Each structure stands twice: as structure tokens, then as C-alpha cells.
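Shown next, in C-alpha cells, is the structure this report addresses.
The values are calculated or read from the model by the stated rules, or taken from the named source; none is laboratory data. Source: prediction; values computed, not measured. We place every Cβ from the backbone using ideal geometry, glycine too, and count neighbours over all the protein chains shown. Keep in mind that these areas ignore ligands, DNA and RNA; they rest on the heavy atoms of the full protein, side chains included. Shrake-Rupley method; radii C 1.70, N 1.55, O 1.52, S 1.80 Å.
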Amino acid sequence: MANEKTSDAGAQTPVMRQYFAAKEAHPDCLMMCRIGDFYELFYEDAIVASRELQLTLTARDREKKQPMCGVPYHAAEQYIQRLLRKGYRVALCDQMEDPKLTKKIVRREVTRVLTPGTAVDAGLGAEQSNWLASVAASGEGAETRVGLALLDLSTGEFRATEFVGATALAQLADELGQARPAELLVAEGMGGRTAGPSTSLRFAQDDKSTAGEERSGDAFEGVRTRTGLEDWVFTAEYAVPLLRKQLGVLSLEGMGLGGHETAAVAAGALVHYLQKTMQGGLEHIDAIRFYAHDEGLMLDAVSVRNLELVEPLFSGESVQTTLFHTLDACATPMGKRLLRATLLRPAAELKEIEARLDAVGEAVGDLRGREAVRRAMNGLLDMERLLGRVALDSAGPREVMALAGTLGCLPGLREAVEKFKAKRWRELGGGHSSTEKSTEISTGKSTDPSTGFSTGFDAMEDLHELIVKTIVEEPPVNFAEGGVIRVGVDAELDELRELGRSGRQALAAIEERERQRTGIGSLKVRFNSVFGYYLEVTKANSRSVPNDYERKQTLVNAERFTTPELKEYEAKILTAQERSGEIERRIFAELRRQLLDAAGRMRETARRVAEIDLLACFAHLAALRGWARPEVEESGVLEFVAGRHPVVERRMEESGGGRFVPNSISLEGWFGDSKEKSTGASIALITGPNMGGKSTYLRQAALLVVMAQSGCFVPAERMRLGLVDRIYTRIGASDNVARGRSTFMVEMTETAAILNTATAKSLVLLDEMGRGTATYDGLSLAWATVEFLHEKIGARTLFATHYHELTLLEERLARLKNMRVTAKETAGGIVFLHTVEAGAASKSYGIDVAKLAGLPGAVIARAREVLKLHERAETQQVGAALSRGVGEAMQMTMFTPLSQKIVDRLAEVDLDGLTPREALNLLAELQRELGAGS
Ligand code: ADP
Ligand code: MG
């Protein structure tokens with residue numbers, strides 16, 4: 001495309017030649033070219049940018065064949081961030097020399113490529129990590145290996161994992177759905193591969209028009225931008241040594257990457273990309289951690305979305321519907337990020353959960369201690385991100401001072417934490433060393449003992465002191481102004497400053513003296529960067545200028561002069577300034593180096609601060625809202641008394657919308673030989689009117705489990721919980737119309753995933769399953785699914801349904817119980833009570849709800865008539881279905897209840913004992929029945 005334009009004679013100015021060269025080197029970026037005080041975009045880039053940023057599109061030429069648009073350079077940052085957030089890549093083509101100092105055309109080069117995954121600006125959402133992800137894959141089928149590396153450049157957190165086997169890609173999709181990386185790196189060859197769906201990653205082409213807020217329909221819906229890299233980047237020969245070099249290690253074993261080459265390749269490719277797009281400043285990326293993705297309570301991407309753990313179900317809705325928002329009372333950005341990560345991956349290990357609950361419990365009972373900890377975290381800034389900016393050399397003196405302010409709070413925090421006694425508090429805060437291998441709260445996984453809790457809380461007093469002793473209390477924003485480094489740090493610097501000061505005093509004296517001598521009251525000594533110091537006299541006064549003045553420059557209204565004396569001072573001052581600027585920069589660079597050397601310490605402390613913050617937040621909420629400590633145990637129980645949905649309850653309180661009606665539940669999953677022994681129900685089948693509270697009840701159960709296993713107290717009078725390994729939450733298809741696949745297909749794919757992977761320790765929520773298809777199909781599938789969960793899986797299951805017929809299952813399935821949300825029929829229509837009690841709903845109230853919604857009376861009346869007719873027919877049919885044995889029904893792939901009844905009759909017939917006449921009669925009877933039924 002560029003070629004076509006270059007042949008255009010009008011485009012061949014020197015600036016445009018520079019532009020085309022830059023664009024050719026970075027064809028996938030929006031090229032922003034610095035011209036004067038603007039960053040300009042041209043051609044297609046200009047059209048895109050004007051659309052996305054609502055900029056006026058102009059043209060370089062009269063024929064309007066060269067569209068362009070621009071943004072002022074000082075406001076560029078904000079425009080660039082908007083483009084990145086929409087999923088674009090941006091390259092900056094900067095002026096490499098000062099235009100004032102050159103007569104020729106200014107040299108321009110691409111100085112930086114900005115991408116969604118490498119953005120590190122202050123505008124990043126504090127509670128969210130900004131992940132750059134990289135995926136490498138090898139093998140096929142059962143031999144598939146998928147490596148995933150994740151880096152948050154703003155904090156330096158770098159980790160990798162590996163998925164193995166036939167389901168590797170599905171697992172990857174779940175992991176990506178949780179991490180929601182801003183940008184994903186993938187081999188170009190992989191992106192275009194069209195092999196069978198199970199073995200191919202099937203990355204859709206990066207479509208700019210759908211990038212941004214909208215959710216794409218493919219499996220990797222958390223990913224905003226996909227960046228293809230050449231295939232060779234993802235080879236072990238290239239990527240692994242590159243990774244080793246970046247991390248400064250000879251072997252990756254120590255970081256847990258031994259035997260995980262695919263993960264190392266993904267990580268190496270990521271490093272390659274950083275080097276390609278950034279100019280240096282990657283010192284803080286000095287470690288990577290291998291993590292096991294299958295530890296902790298697993299939540300697949302669909303469940304995370306349906307439960308609204310961190311994001312509202314429909315993009316654009318208020319975040320207030322999320323559990324994250326409801327639980328976020330964290331004081332620091334680090335704590336917020338950990339809360340988010342924890343809700344996405346609660347713990348699944350009893351010891352870990354108990355440790356957290358113990359710590360929270362102690363703080364709940366100790367108001368003063370709790371408040372002391374929370375107060376000590378007031379004003380703690382984002383240490384991890386500040387450190388990141390220091391590393392990327394984008395931190396000015398003010399940011400370093402901000403870091404110092406934060407470090408200054410740490411000793412107080414340690415002291416406050418030390419007052420607590422619970423084991424986890426001691427591990428986090430104390431100088432009390434614990435040699436035991438500890439676990440990380442965010443993932444519930446073991447950490448390397450060398451970076452674990454063994455060293456005590458490092459409050460980094462030394463670094464704090466280093467900074468405040470080096471930098472002045474209120475440094476200027478801009479380094480060029482000077483005066484960043486404190487007096488007393490460097491003797492030469494102090495001397496030069498003294499020189500500069502006396503020089504400036506001398507200049508003031510010269511100005512005063514010359515005014516007197518010439519009698520020109522308006523004479524001024526001035527400075528500019530091109531001409532240096534000069535004496536300025538207005539045109540009107542130029543006749544009074546003495547002979548010893550040397551003319552430097554003539555302006556419209558004034559003339560500028562110099563004198564030998566002035567020149568001498570000028571030289572003195574300028575060299576002093578230049579030299580002291582050099583010294584300040586050198587000292588600042590040294591300081592930066594020292595801070596970076598302590599990056600590991602700082603990250604470790606930040607991690608502890610995050611955990612302290614999270615536990616204190618949980619304790620604060622529990623005390624404030626009167627939540628109870630859940631009893632977590634190794635069993636199949638799920639039981640709560642007077643439980644409330646934390647988010648709905650909170651929202652009702654805030655809006656004054658009445659009181660949330662508490663509900664209870666008691667379920668028990670069965671595993672192994674407990675199938676026969678267990679008497680408790682494992683499946684609750686919930687019926688009742690639309691709007692009665694079924695969905696709320698289901699989600700409440702899941703949210704309480706997520707909270708309990710995160711180490712948080714729960715909104716219930718009492719809760720008993722046998723550890724859950726996975727939570728599945730599915731919503732009937734019609735709610736998902738926006739996703740571009742057949743909604744019923746989506747629903748069935750999701751259900752298949754449950755039936756294939758759920759275990760006896762899982763929690764399964766099925767809400768209105770089968771809604772996306774014809775009644776009998778839907779009913780039959782729901783029926784068979786319930787049976788399968790009951791007989792083969794044993795998972796604790798909540799099944800909300802509008803299929804009334806399913807309540808008949810209670811008679812056949814020992815561990816299924818009917819529950820209903822209650823409604824009261826009054827003269828004015830139905831009233832929802834929102835209580836859940838044992839029993840099947842007597843009717844579905846659909847028509848009553850329709851009446852509430854204001855459907856015309858005639859339609860309501862007619863609907864009641866039609867309903868009666870249908871109900872009669874349906875009872876017959878389902879009665880027939882019921883008479884089938886469960887095991888047989890499960891083998892049947894297709895059946896219609898009525899013909900099944902006839903098949904049953906046939907099966908029962910004793911052929912040997914049948915006379916020809918009886919046989920004929922039977923045939924006639926069956927035929928009659930068939931005729932009557934159809
Ligand atoms: P269903 O799934 O049965 O159609 P929902 O769970 O969607 O019903 O709930 C319908 C409405 O009732 C929602 O607005 C919800 O906030 C409210 N609601 C549900 N459960 C309760 C409860 N226990 N107490 C108070 N309001 C509730
Ligand atoms: Mg519902």
C-alpha cells in the first residue's frame with residue numbers, strides 16, 4: 001500500500017519519505033509522526049484514528065487524496081491510551097534532533113511501539129493486572145502441550161504454566177478467560193492453521209472493527225488484541241536462550257521451568273516481543289515463576305462470567321453487580337488485584353483456607369488491631385507499579401518520592417500486624433521466621449522457600465532512607481529544571497550550584513548597573529536557549545545604546561545585545577548548569593539502579609502487603625456486616641442457614657429496596673461407596689414462578705462457596721462446607737443471544753463440559769436448562785441430565801427449571817429433592833415471597849407473571865384456557881415417560897413419551913401365551929391408542 005502512495009508525486013516530500021520508511025517497518029501499527037507540535041497520522045491510519053478518537057480529518061494535498069489528522073504532542077499520551085484500550089498498536093515516530101538546531105530536515109525515527117499489553121501508564125485500572133500473554137503449542141491430540149506465559153509489565157510479575165493432553169486448549173481457554181490479557185502473542189502459523197477444531201488453536205484474524213468493548217464469539221473471549229509473531233520466534237532454539245539471558249540465569253530449573261519447555265518457549269517469545277517493541281528498561285523482569293494452573297477451586301470461563309465474579313454479565317452494565325465490587329474494601333491497589341485474583345481462583349486446600357479464616361477471625365474480634373492495620377495502609381501507593389515505572393525509566397523524581405512515601409508507611413504496618421497472633425499473621429508480618437514452606441494466597445500454591453515467608457516482613461527502611469536523603473522533599477516535575485538532588489549529597493554539585501547562584505546575582509547586578517549607565521529603565525538581561533544571555537532594549541531606546549554593546553539580533557520591536565562581560569558570565573553559568581545537570585542525572589541514575597537491585601525485595605513486600613490488605617478487608621466486612629465464619633471440612637456437605645446473596649442484599653440496602661429474604665440449603669454430594677450410605681440429597685430441583693428468586697438462590701450458593709474458600713466470612717447464620725473442587729454455572733441459552741453461535745449449541749456444549757468433567761466434589765448450578773429449544777427436546781435433555789448427575793457424578797447440584805414435569809423425578813431419584821420458591825396468590829395477583837422451601841411448585845405462574853406485566857385481560861383469559869388443554873395432554877405423556885426405568889431411559893437417545901408407552905406394552909407381551917385372536921385384538925387396541933394420542 002505504501003508503494004502505491006510513494007509513486008504519488010505529491011507524497012514525495014522528505015517528511016513523507018521518512019513516514020513511509022517508518023510505516024514499512026511497522027505495518028501493523030498506527031504510525032504517529034511528530035511534526036512540529038503535533039503527532040500526525042496519514043492515509044488509512046488517519047481514517048482509523050479520526051473515527052476512533054473523533055478527530056477532524058483533513059488532507060495534506062488539495063486533491064484530498066492524502067487524508068491526515070493529528071493530536072497535539074503534549075496531549076498525545078491520553079489519545080494513545082484510548083487507542084490501546086481499543087486494541088490498536090501505536091508506533092511513535094519522533095524527531096531525533098532539535099529542529100531549532102538544524103537547517104536541514106529533522107531526522108525522525110520510531111522510538112517506541114506501544115501495544116495494549118505493554119501499556120504502563122498511570123491510567124491502568126489499579127485493581128486489574130494488565131497481562132501480556134504468550135502462547136506456544138506443540139504436539140497433537142493426547143500429546144498436545146500448550147505453554148502460556150503471562151507478564152504484567154507495569155509490576156514485573158511474570159509467570160508461566162503448561163497445559164497437557166487432549167483438553168489442553170480448552171484449559172488454556174479457561175485460563176485466558178480468567179486472566180483476560182490485554183494482548184496475546186501467538187505464532188502466525190498457529191493463527192492461520194485450519195486443522196480440526198480440537199487440535200487447532202483457531203485464532204480468528206484480528207478484526208479491528210470488533211476490537212474493544214464487544215465480546216468476540218470465539219473461545220478466547222477475554223483477549224482484546226492478538227499479535228502474530230513469526231513462527232521461528234516460538235522455537236526452543238531461539239526462545240529459551242533468550243529467556244535465560246533476560247533473566248540472567250544459566251538454567252531455568254530454579255524457576256520451576258525445568259521440564260516445561262513449551263512454557264519456556266512462550267515466555268521467551270514474550271521477551272522477544274518486548275525487546276522488539278520497547279527500548280530497553282526491562283531490568284525489573286528478572287524472574288519468572290512456574291505455576292500449577294490446576295490447583296485451587298477451579299472456575300471455568302463461563303462460570304466466572306455467569307456468576308459475575310469480577311465483571312458484569314453484560315458489558316456496559318454497572319460493576320456494582322459483581323462480587324468483586326461488593327467485597328472490595330481493600331486499602332491498596334495491590335490488595336485489590338489480589339482480591340480479584342483470589343475470587344477467580346479460591347483455595348481448595350483445607351489447611352490454607354483454615355489459615356486464612358483463623359487470621360480473619362482474629363481480626364474480626366479485635367477492632368483496634370484491625371483498624372490499626374487498615375490505617376497503616378492508608379496512603380500506600382502501588383509499589384509494584386511504581387517500581388515498574390522506575391525500571392522502565394518512565395519514573396520522574398516525583399514518582400520516586402512517592403515510592404519513598406509508600407516505603408515510609410511500611411514499618412508502621414509491620415508493627416500493626418505484629419500485634420496479631422494467628423499463624424498467617426505471624427507469617428506475613430513478623431520478624432518471626434517460619435521455616436515451613438508457605439503458600440501464596442492468590443493461587444493457593446506453594447512458593448519457593450527462598451522467596452516464601454521465611455525472612456519476615458521487609459519494611460525496606462534502608463531504601464526509604466536512601467531516597468529521602470538523595471532527593472529534595474518536593475522535586476520539580478521536570479528534570480531539566482534541576483534542583484532534584486538534595487544539598488549535601490554531592491560536594492561538586494553544591495559548589496556548582498553556588499557558582500550558578502552567584503552568577504545569576506552578578507547578572508542582576510549587571511542589569512541594574514546598565515540601566516543606570518544608559519538611562520534605559522526598561523533594559524533587561526534575558527536568556528533563551530538559542531542565543532544565550534543578552535541585553536534587550538526596545539527599538540524606541542536603541543539610540544541610547546552605548547558603543548561597547550555588540551548587536552546579536554534585531555526583532556520587530558526590540559534589539560538584543562551582548563557585552564564581553566556578559567559573555568564571560570554566560571559561559572560560567574551555562575557550564576555550571578550543564579555540569580550540575582549531568583551530576584544530578586548521574587546520581588538519579590545511581591539511585592534508580594539501587595532501587596532496581598532491590599526489585600525482588602520490593603515485590604516480595606508488595607505481595608505481603610496485598611495479603612495483609614486482603615485479610616484485613618475480609619475481617620472488616622465480616623465485622624461490619626455481621627458475617628459468619630464458615631465451617632470448612634473434608635466432606636460432601638453444602639449447608640447454610642439463613643444465607644443471603646451478598647451482592648443482591650447489598651444493592652437492596654443501598655437502593656432502599658426492601659430486605660433480602662434469607663434462605664437455607666442442605667445438600668450432600670456422594671462419592672465412592674458413600675453412594676449407598678448417604679441419605680442426604682445431592683440434587684435440589686427448584687421450581688416456582690418466574691421472578692420468584694430461583695436464579696438468585698442458585699448464584700447465592702455458588703458465591704458463598706467462592707467466599708468461604710477464599711477465606712472470607714459469609715452472609716449466613718451458619719455455613720458448613722465440604723471442600724468444592726470446581727464450580728459450574730450454566731444459564732439456559734436464551735440469555736446468551738449476543739454470542740453469535742447457535743444459542744442452543746452453546747448451551748449444550750457447556751452442559752457437555754460439565755457432564756464430562758464434573759466430579760463428586762463439584763458444585764453444579766443449572767439454571768433453566770433446555771430453554772433454548774423445543775419444549776420436549778428441552779425437557780428430555782434436562783431430565784436425562786439430572787439423572788446422569790444423580791447416578792453417575794454425585795456432585796452437589798442446584799437445578800432451577802421451568803419444566804414442572806421434572807418434579808416427578810423426586811419419586812424416582814433417592815437423592816433428589818424438590819424445592820420451590822414461594823409466591824402468594826392475592827386478589828391483586830401474585831406476590832413473590834422469595835423464600836425457598838421443600839416441595840414442588842404447584843404451578844408455574846407464568847400467566848400470573850404475564851398479568852403482572854400488563855398483558856391484556858383477554859389474552860390472559862385465553863392463555864389460561866389453552867394451558868388447561870395442554871396440561872391435560874402433558875400429564876398423560878410424562879406419566880408414560882416416568883414408567884420407564886432410569887437405566888434404560890439413559891440409553892435411549894430419542895423417544896417420544898407416547899410411542900414409548902406402546903413400545904412398553906409390546907415388550908410386556910408374553911408371545912407364547914397369546915392366541916392369534918388375542919394378538920389381533922392387541923394390535924387393534926394399540927392402533928386405536930396411537931390414533932387417539934396423535
Ligand atoms: P427467577 O430466577 O426465579 O426468575 P430471580 O432470581 O431472577 O428469579 O429473582 C427475581 C427478582 O427477585 C430479582 O430482582 C431479585 O433481586 C429478587 N430476589 C430474588 N431472591 C430474593 C430474596 N431472597 N430476597 C429478596 N429479593 C429477592
Ligand atoms: Mg431465573
All but one of (1) modelled with pLDDT under 95; (2) under 25 Å from residue 170 (Cβ atoms); (3) open to solvent by less than 10 Å² (accessible area, probe 1.4 Å) hold for residue 702; state the number of the condition that does not hold.
(1)
If I filter segment 651-658 for residues that are out of contact with any Cys (no Cβ under 9 Å at 6 or more places or on another chain), outside any loop (DSSP other than H, G, I, E, B) and on the phi > 0 side of the Ramachandran plot, do I get at least one hit?
no
If you take the residues of segment 510-528 that are outside any loop (DSSP other than H, G, I, E, B) and open to solvent by less than 60 Å² (accessible area, probe 1.4 Å), which of them is nearest to residue 580 (Cα to Cα)?
528
When segment 229-239 is examined, which residues are found to be out of contact with any strand residue (DSSP E or B) (no Cβ under 6 Å at 6 or more places or on another chain) and open to solvent by 20 Å² or more (accessible area, probe 1.4 Å)?
230, 232, 235, 236, 237, 238
Being touching a Lys or Arg at 6+ places or on another chain (Cβ under 6 Å) and either assigned to a strand (DSSP E or B) or within 16 Å of ligand 2 (Cβ to nearest atom) (or both), is that true of even one residue in segment 785-804?
yes
Selected residue (only one of 641, 647 is within 16 Å of ligand 1 (Cβ to nearest atom) and more than 32 Å from the chain's Cα centre (by Cα))
641
Find the residue count for segment 56-77, including only residues that are in a loop (DSSP other than H, G, I, E, B), in contact (Cβ under 8 Å) with a residue 24 or more places away in the chain and surrounded by fewer than 17 Cβ atoms within 10 Å (Cβ to Cβ).
3
Considering segment 4-49, residues that are in a helix (DSSP H, G or I), of a type in the set (Gly, Ala, Ser) and modelled with pLDDT under 85, and then whichever is most open to solvent (accessible area, probe 1.4 Å), we arrive at 9
Given the options 711, 669, 656, name the one that is surrounded by fewer than 21 Cβ atoms within 10 Å (Cβ to Cβ) and either more than 9 Å from ligand 1 (Cβ to nearest atom) or more than 22 Å from residue 839 (Cβ to Cβ) (or both).
656
Only one of these is open to solvent by 10 Å² or more (accessible area, probe 1.4 Å), modelled with pLDDT of 85 or more, farther than 23 Å from residue 833 by Cα and out of contact with any Leu (no Cβ under 7 Å at 6 or more places or on another chain): 696, 743, 759, 749. Name it.
759
Pairs only if they're at least six apart or on different chains, beta carbon under 9 angstrom, first in segment 901-914 and over 20 Å from residue 928 (Cα atoms), second modelled with pLDDT of 75 or more and open to solvent by less than 100 Å² (accessible area, probe 1.4 Å); list them, first residue then second.
911/919
Would you mind stating whether residue 776 is among the aromatic types (Phe, Trp, Tyr), over 30 Å from residue 724 (Cα atoms) and out of contact with any Lys or Arg (no Cβ under 7 Å at 6 or more places or on another chain)?
yes
Restricting to segment 481-505, give me the number of residues that are crowded, with 17+ Cβ neighbours inside 10 Å, in a helix (DSSP H, G or I) and of a type in the set (A, V, I, L, M, F, W, C).
3
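Yes/no per residue for (1) more than 16 Å from ligand 1 (Cβ to nearest atom); (2) among the charged types (D, E, K, R):
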position: 766; (1), (2): no, no
position: 769; (1), (2): no, no
position: 775; (1), (2): yes, no
position: 787; (1), (2): yes, yes
position: 795; (1), (2): yes, no
position: 798; (1), (2): no, no
position: 802; (1), (2): no, no
position: 807; (1), (2): no, no
Output for segment 237-261, where each listed residue is in a helix (DSSP H, G or I) and among the hydroxyl-bearing types (Ser, Thr, Tyr)
238
Selection from segment 529-549 of residues surrounded by 11 or more Cβ atoms within 10 Å (Cβ to Cβ) and part of a helix (DSSP H, G or I) yields 539, 540, 541, 542, 544
Could you say whether any residue in segment 304-311 is part of a helix (DSSP H, G or I) and open to solvent by 20 Å² or more (accessible area, probe 1.4 Å)?
yes
Residue 688 fails exactly one of (1) buried (at least 19 other Cβ atoms within 10 Å of the Cβ); (2) under 25 Å from residue 312 (Cβ atoms); (3) in contact with a strand residue (DSSP E or B) (Cβ under 9 Å, 6 or more places away or on another chain); (4) at pLDDT below 95, namely (2)
Against the condition in a helix (DSSP H, G or I) and modelled with pLDDT of 75 or more, how does residue 859 come out, does it pass?
yes
For segment 145-152, state whether one or more residues are out of contact with any helix residue (DSSP H, G or I) (no Cβ under 8 Å at 6 or more places or on another chain) and surrounded by fewer than 23 Cβ atoms within 10 Å (Cβ to Cβ).
no
Restricting segment 467-480 to residues that are within 18 Å of residue 393 (Cα to Cα) and outside any loop (DSSP other than H, G, I, E, B), the residue that is most open to solvent (accessible area, probe 1.4 Å):
480
Identify, please: which residue in segment 809-838 is acidic (Asp, Glu) and either in contact with a Leu (Cβ under 7 Å, 6 or more places away or on another chain) or away from ligand 1 (no atom under 15 Å from the Cβ) (or both) and is, among those, farthest from residue 728 (Cα to Cα)?
825
Test residue 650 against the criterion of being open to solvent by 30 Å² or more (accessible area, probe 1.4 Å) and modelled with pLDDT of 95 or more, and give yes or no.
no
The condition of being away from ligand 1 (no atom under 16 Å from the Cβ), touching a Phe, Trp or Tyr at 6+ places or on another chain (Cβ under 7 Å), aliphatic (A, V, I, L, M) and modelled with pLDDT of 95 or more holds, among 628, 619, 610, 623, only for 628
Given the residues 574, 595, 624, 614, which is the only one that is in a helix (DSSP H, G or I), open to solvent by less than 60 Å² (accessible area, probe 1.4 Å) and out of contact with any Gly (no Cβ under 9 Å at 6 or more places or on another chain)?
595
Can we say residue 634 is in contact with a Leu (Cβ under 8 Å, 6 or more places away or on another chain), open to solvent by 40 Å² or more (accessible area, probe 1.4 Å) and away from ligand 1 (no atom under 16 Å from the Cβ)?
yes
Go through segment 158-172 and count every residue that is open to solvent by 40 Å² or more (accessible area, probe 1.4 Å) and closer than 15 Å to residue 266 by Cα.
1
Give me the residue from segment 333-376 that is touching an Asp or Glu at 6+ places or on another chain (Cβ under 7 Å) and more than 28 Å from residue 722 (Cα to Cα) and, out of that set, most open to solvent (accessible area, probe 1.4 Å).
333
